[in-house]
Structure formats: C-alpha cells, structure tokens
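Okay, so here's the structure we're looking at.
Read the figures in this text as sums done on the coordinates, not as results from a lab. Everything numeric in this text was worked out from a predicted model, so none of it was measured. Reconstructed Cβ throughout: ideal geometry from the backbone, glycine too, with neighbour counts over all protein chains shown.
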Amino acid sequence: MQDWIKKLFVDPGMVGMGHDQSQNDLNLGLGWIYYGLARTIRPKTVVVIGSYRGFVPLVLGKALQDNGQGEVIFIDPSMVDDFWKCPDCVKAHFAAHEVRNIRHHLCTTQDFVNTEAYRSLGEVGLLYVDGYHTAEFAKFDHEAFADKMAPNGVVLFHDSVRERVTRIYGDDRPYTHTVCQYMDELRANPKFEVLSFGEGDGLTLVKKASGPGAA
Ligand SMILES: C[S@@+](CC[C@H](N)C(=O)[O-])C[C@H]1O[C@@H](n2cnc3c(N)ncnc32)[C@H](O)[C@@H]1O
C-alpha cells in the first residue's frame, strides 16, 4: 500500500482538494476512512459523484481491487476543466495507478438518473457525494441513490461541515458550499445516523438508523 501511495502522490492533483493528505509521511488523510470502509463493507458497487483529479475514485477502486471484487461508478460532467472529457485519457489516468475497476460517466447526476446504467445498477454499498456543493444538489445526489443503497450502506458527503465561498468554476462564478445545511436536516431526522469529521474540508458519514424510532 505504501508503494501505491508513493506513486499516487507523485501526481500533485492527488494531494490537495481537502482530504487532509500529507505527502511527507504518505498519509491518505480522510482517504484512510474511504479505504477502510470499502475494505470493511466489501461493496460490489460504489458510486462516486464528482472528483477534481480522481483521488476518491482511485482510493475506493484500490480498496475494491484489494477486496478481490467490485466496481466504482464515477459520475462527473467535467465542469472544472476538460480533464474528464476524453474517455481514453480517463482510462489511462486510472490505469497509471493500476486501478482498472472505475467506470466513468461524463454527465451530471441529474442526467445519470435517466440512463440505463442507473436503472440497471445493483445494490450500492458506498455512495460518495462530492459534486456541486449546495444543500439542494447534495440532497438530490443522496435521494437519487437512496432506494439503491444496501441495508448496511454508507453515504459519505465531502465539504460538508462548514459554509465557504468557492471559485472552482471561475472567478466570475463563485458560489457558497451549503452541504452542511443538508447535514443538519439529516441530523434532525431519526431515520439517519450522522457523524461528521472536521479534518480537511470536512466529511460526514450517513447511515440508515437501525435502533428504536428509526422506522
Ligand atoms: C471539483 S470536485 C470537488 C473537489 C473534490 N473535493 C475533490 O476531492 O476532487 C467537484 C466535481 O463535481 C462535478 N460536478 C459538478 N456538478 C455536478 C453534478 N450536478 N453532478 C455530478 N458531478 C458534478 C464537477 O465536474 C467537479 O469535477
């Protein structure tokens, strides 16, 4: 694993974007939670919505490969730049890290839910929500897969603990991250268990509650 991380971190795009990684000690930061959960739950299907350069799909793909089975469905319309627009380059990008189980869909979640790939999707063990960071879009992403989640499935929301303005889509298109507002809504709902981490740009884990009052 250390050798794999060493190679991963040669690409500067794998060290930033708010996952609290550190290159000097080959520390995946929040990536350990992604990797550990995928090794523990052993999902056959993982869905990742949004990624700048593929850190999360790669770490989850690596975990599934180490499990010996499973596939990452990665949804990203490439809104930041053209990085995800060339299918062969995307394949080569993931293959360069020896991860071959990621299937990319060049579209928004809003479009993905109208595809055959969505309709035929098996039970989802992990859903990683890191697309457009407003409460409204995070809720859409969550609800789009709610009926497809495995009973022990976990949903992870990145950039989910504080409001902040981002200019990732251009200086002329700033917007405010408001995913934390949706986390507050889930926290107030007894149907869910919700646990947040403030490290990096923040992560929230959401599971269907199983105790009394959960129904
Ligand atoms: C830039 S990433 C956020 C950074 C992220 N924290 C990371 O680790 O890479 C957000 C991604 O979400 C994608 N995105 C934006 N709106 C989306 C939507 N409606 N559905 C799916 N993906 C979306 C963008 O193309 C972008 O690549």
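State all residues of the range 115-164 that are farther than 21 Å from residue 185 by Cβ, within 15 Å of the ligand (Cβ to nearest atom) and in contact (Cβ under 8 Å) with a residue 40 or more places away in the chain; if no residue qualifies, say none.
Residue satisfying the conditions is 117 alone.
Every residue in the range 43-70 that is loosely packed, with under 15 Cβ neighbours inside 10 Å and either within 15 Å of the ligand (Cβ to nearest atom) or in a helix (DSSP H, G or I) (or both), please.
66
Out of the residues in the range 7-21 that are farther than 14 Å from residue 201 by Cα and free of Cβ contacts under 8 Å to residues at least 12 places away in the same chain, which is nearest to the ligand (Cβ to nearest atom)?
The residue in question is 12.
Looking at the range 120-138, which of the residues that are more than 18 Å from residue 150 (Cα to Cα) and not acidic (Asp, Glu) is nearest to the chain's Cα centre (by Cα)?
Among those residues, the one meeting the criterion is 131.
Among the residues of the range 105-136, how many are among the acidic types (Asp, Glu), outside any loop (DSSP other than H, G, I, E, B) and touching a Ser or Thr at 6+ places or on another chain (Cβ under 9 Å)?
1
For a quick check of your reading of the model, give me the residue pairs whose first member lies in the range 165-178 and is surrounded by fewer than 10 Cβ atoms within 10 Å (Cβ to Cβ), whose second is of a type in the set (Ser, Thr, Tyr), with beta-carbon atoms closer than 8 Å and at least 6 apart or on different chains.
As it stands, the answer is 165/175; 165/176, since those pairs meet every condition given.
Restricting attention to the range 141-178, and to residues there that are of a type in the set (Val, Ile, Thr) and within 16 Å of the chain's Cα centre (by Cα), which single residue is farthest from residue 127 (Cα to Cα)?
Among them, the one singled out is 161.
Checking residue 138 against (1) over 19 Å from residue 110 (Cβ atoms); (2) buried (at least 17 other Cβ atoms within 10 Å of the Cβ); (3) aliphatic (A, V, I, L, M), which test does it fail?
Going through the list (1) over 19 Å from residue 110 (Cβ atoms); (2) buried (at least 17 other Cβ atoms within 10 Å of the Cβ); (3) aliphatic (A, V, I, L, M), residue 138 breaks only (1).
Could you list, in sequence order, all residues of the range 187-197 that are surrounded by fewer than 19 Cβ atoms within 10 Å (Cβ to Cβ) and under 13 Å from residue 157 (Cβ atoms)?
Result: 187, 192, 195, 196, 197.
Residue 40 versus (1) under 14 Å from residue 131 (Cβ atoms); (2) part of a helix (DSSP H, G or I): which is the lone unmet condition?
(1)
Filter the range 102-112 down to residues that are touching a Phe, Trp or Tyr at 6+ places or on another chain (Cβ under 9 Å) and hydrophobic (A, V, I, L, M, F, W, C) and give me whichever is nearest to the ligand (Cβ to nearest atom).
112
Pull out all pairs, ordered by first then second residue, where Cβ-Cβ is under 6 Å, the residues are six or more apart or on different chains, the first lies in the range 65-82 and is of a type in the set (Phe, Trp, Tyr), and the second is within 16 Å of the ligand (Cβ to nearest atom).
74/48; 74/57; 74/102; 74/104
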